[in-house]
Amino acid sequence: MIDIKTTIPHREPFLFVDSVIDIGERTIVAGKTFSPTEYFYGGHYPSNPITPGVILCETVFQTAAILVLKNFPEAAGVPVLAKIEEARFRSIVKPGEALKITAELEEKYGKFFLMNGSIHRTDGTSVLRIKFSLAVN
């Protein structure tokens, strides 16, 4: 079992990974269920709350950061977003929905990591596909 808080520097209310389901050399699968009491639901369509797309993207970035920091000790430091190439939102996420987050390393250049990520509901419905790069400072 991976201790998320000793792996990445993120903390509540901006920690969006609940658990690591599986981790390999180049891929990671994590889980997240957004609580109906999350701070952003109060202002993001209060009468019909949905999870902001930027929060969904951040969830993938944090998952990827866990993969990088666990598997590449030479990249010790603070993981930061360096580039978003493409993001495609397929459906909305309501409070209480269980999600499966996947990040996969495509290529590594020094302290830059080119990644693909996705979020699916546990029933397999696609929520987000994203291509991005992380850097470790």
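The values are calculated or read from the model by the stated rules, or taken from the named source; none is laboratory data. For clarity, every value in this text was computed on a predicted model and none was experimentally measured. Using ideal geometry, Cβ is built from the backbone for each residue, glycine included, and neighbour counts are taken over all protein chains shown.
Of all the residues in the stretch 13-25, those that are surrounded by 14 or more Cβ atoms within 10 Å (Cβ to Cβ) and assigned to a loop (DSSP other than H, G, I, E, B) number 4. A single member of Leu105, Leu99, Leu67, Leu56 is in contact with a strand residue (DSSP E or B) (Cβ under 7 Å, 6 or more places away or on another chain), within 22 Å of Met1 (Cα to Cα), modelled with pLDDT of 95 or more and not in a strand (DSSP E or B), and it is Leu67.
Kindly check whether there is at least one residue in the stretch 80-88 that is out of contact with any strand residue (DSSP E or B) (no Cβ under 8 Å at 6 or more places or on another chain) and either surrounded by 15 or more Cβ atoms within 10 Å (Cβ to Cβ) or in a strand (DSSP E or B) (or both). Step through it out loud before you land on a result.
Initial filter on the stretch 80-88 (out of contact with any strand residue (DSSP E or B) (no Cβ under 8 Å at 6 or more places or on another chain)): none.
No; the residues of the stretch 80-88 include none that is out of contact with any strand residue (DSSP E or B) (no Cβ under 8 Å at 6 or more places or on another chain) and either surrounded by 15 or more Cβ atoms within 10 Å (Cβ to Cβ) or in a strand (DSSP E or B) (or both).
Among the residues making up the stretch 102-129, those that are of a type in the set (D, E, K, R) and either over 14 Å from Leu67 (Cβ atoms) or under 12 Å from the mean Cα position of the chain (by Cα) (or both) are Glu104, Lys111, Arg121, Asp123, Arg129.
Among the candidates Leu56, Leu67, Leu134, single out the residue that is farther than 20 Å from Lys32 by Cα, within 15 Å of the chain's Cα centre (by Cα) and buried (at least 18 other Cβ atoms within 10 Å of the Cβ).
Numbers: Leu56 fails: farther than 20 Å from Lys32 by Cα; Leu67 fails: farther than 20 Å from Lys32 by Cα.
Unique residue meeting the criteria: Leu134.
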